[in-house]
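A short worksheet on the structure shown next.
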Amino acid sequence: MESNLSAKRLRELIRTRQWTKPTSGAAAGYVQANLVMLPKEAAFNFLLFCVRNPKPCPILDVLDPGKFEPYIAPGADLRTDLPHYRIFENGQLKAETEDISDYFHAGMVSFLLGCSFSFENAMIAAGLPIRNIEENKNVSMYVTNRDCRPAGPFSAKLVVTMRPLTPEQAVRAVQVTTRFHLTHGAPVHLGDPAEIGIKDLSRPEFGDAVSIRPGEIPVFWACGVTSQLAAASASLPLVITHAPGHMFVSDLRDDELTIL
């Protein structure tokens, strides 16, 4: 089963292009991460953006310029070990690729930021449904009307993921996910999507729409794709990110990052 893969084995499958799809539900129990790579000259201000906005951009690892083997996954290669990448030039999306070896250079700094996929295993263990896994889809992601705190040239609206739950399940989800402070923690909003500027749940900006059943409400968590909007906002000559839903899977275990 995909959920029973180790992080190392999943990365091997990704590196050899035997796995090119989203990573939600894969290698259960291992911490997944958002990736942002940008020029070292902009790294401090981006780090400051993440520090000022820890809910959507919790820092798991920051590499030295030109390095691509993260501390949280020895032997991994950030240039090849994600299923899909995005290339931004001067703030515009220019390409999507499965290997960034030809783009990455010695002046690039890599950031790995926490991802809500990392608490899905705990939700499932608590008997809570993860609709996108049930429907074999990417998670639904939406751009809200909430402003993040800017830093230098970086600014962004908060991006959220959405998982439908009954009100009773939503209460339990808050209890389960609050412990995962480095992978977005508790939800940022429950219920009416219009209150956070989302007009149509059937049209997410990223990922796939999922079904919402009678008696369920949308539950929203902060999302690391916020970091992509911030990185693109600075109109840097080159920014490399993961494609939404196609995460880096580290060797950290979910329970290593929880608040007891």
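Below, the figures for the structure above:
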| item | result |
| --- | --- |
| Mean separation of Cα contacts under 8 Å, 6 or more apart, over the residue count of segment 78-231: relative contact order % | 26 percent |
| Residues of type aspartates and glutamates that K21 reaches as a straight line, Cα spacing below 15 Å, ignoring anything fewer than 8 places off in the same chain | E2, E12, D81, E96, E98, D99, E135, D208 |
| Sparse-neighbourhood loop sites, GluC sites (Glu not before Pro) in segment 115-201 - DSSP loop, at most 12 other Cβ within 10 angstrom | E135 |
| Whole-Hz ³J(HN,Hα) from phi, Karplus 6.51 cos²θ - 1.76 cosθ + 1.60, for segment 193-209, glycine and proline x | x, 4, 5, 10, x, 9, 8, 8, 5, 7, 10, x, 5, 9, x, 10, 6 |
| Per-residue Cβ neighbour rank within 10 angstrom, fewest leading, H189, H181 | H181, H189 |
| Per-residue Cβ neighbour rank within 10 angstrom, fewest leading, K199, K94 | K199, K94 |
| Mean separation of Cα contacts under 8 Å, 6 or more apart, over the residue count of the chain: relative contact order % | 31 percent |
| Span from the segment 89-108 Cα centroid across to the segment 28-46 one, whole angstrom | 14 Å |
| Segment 1-49: trypsin sites (Lys or Arg not before Pro) in DSSP loop, at most 13 other beta carbons within 10 Å | R17 |
| ³J(HN,Hα) computed for each position of segment 175-191 - Karplus, 6.51 cos²θ - 1.76 cosθ + 1.60, integer Hz, glycine/proline x | 4, 6, 8, 4, 5, 8, 5, 8, 10, 5, x, 5, x, 9, 6, 10, x |
| Rounded FRET efficiency, nearest 0.05, which uses the C-beta distance separating D208 from E89 and R0 of 41 Å | 0.95 |
| 18 Å Cα-Cα threshold exceeded, pairs from K94/K199; K8/K94; K55/K157; K40/K67 | K94/K199; K8/K94 |
| J(HN,Hα) series, segment 210-227, from Karplus relation 6.51 cos²θ - 1.76 cosθ + 1.60, nearest Hz, glycine and proline x | 10, 6, 10, 8, x, x, 9, 10, x, 10, 10, 10, 4, 10, x, 4, 3, 5 |
| Burial ordering of D192, D208, fewest other beta-carbon atoms within 10 Å first | D192, D208 |
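None of the figures in this text is laboratory data; all of them are computed from the coordinates on show. All values reported here derive from a predicted model rather than from experimental measurement. Positions of Cβ are backbone-derived with ideal geometry, glycine not excepted, and every protein chain shown enters the neighbour counts.
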